[in-house]
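Quick note: the coordinates plus some simple rules give every number you see, no bench work behind them. Predicted, not measured: the structure shown is a model, and the values here were computed from it. Here the Cβ positions follow ideal geometry from the backbone for every residue, glycine too, while neighbour counts run over all protein chains shown.
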Amino acid sequence: MAPFLCETAAEGLTFGNSVYWIRFDEEFSEKKFKSSNPFGIKYKFHLEDAVDCPEWIVPFRIFKALAEENDFELVFVKNNHIFVDEYMKKPEFIELMRRLGALGDENQDRSTLSPDEWEVAYLYLTFVLRKRGQPDQIQRNPRRDKGKMHLTKDDIENVNGAV
């Protein structure tokens, strides 16, 4: 998933840190973007040891509208910092966070992310889409799904009109 870029006060056309950088082409040197073409804003995204390719900005409101046109509803959206902070406090998600590499060893349930890695995590959103007409909860075999993340209605933040 490409990051959903937030507004950032950056000098020049490149910003980032020791783990990532984002660079816009010279055509965006005045930092003016055509609202008539929200998909045409190309940038180069580099994430150390993971990503090094061009990407295009997709405004989240347009992503949400396209999802709705295709019969999906947005039921959950949070910035990744908020998501991690809230879910690291829930015992049922600690194992998932450990497997994602966001926690230390079994004796310490603290983030092992460096400050630079934590900074790039801010660029990402965590969201859940649901196909319209699907049940809110599906009966699951708890032994088969051990360690998998399942959201309940209490986990969902109402985002109607908030995005």
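A few comments on the model shown:
- Cα→Cβ-extended label distance, 7 Å offset, between Ser18 and Glu92, nm: 3.8
- Vicinal HN-Hα couplings computed from phi for region 85-98 (Karplus, 6.51 cos²θ - 1.76 cosθ + 1.60; Hz; Gly/Pro x): 4, 6, 7, 5, 7, 9, x, 5, 10, 4, 5, 4, 4, 5
- Extension gain, Lys31 back to Asn70 (0.36 nm per residue minus Cα-Cα distance, nm): 10.8 nm
- If R0 is taken as 25 Å, the Cβ-Cβ distance between Thr112 and Trp56 corresponds to a FRET efficiency of 0.20.
- Amide H contacts of Phe76 (H built 1.01 Å from N, in plane; Pro and chain starts excluded): Val128 sit under 5 Å, all sequence-distant by 5 or more or on other chains.
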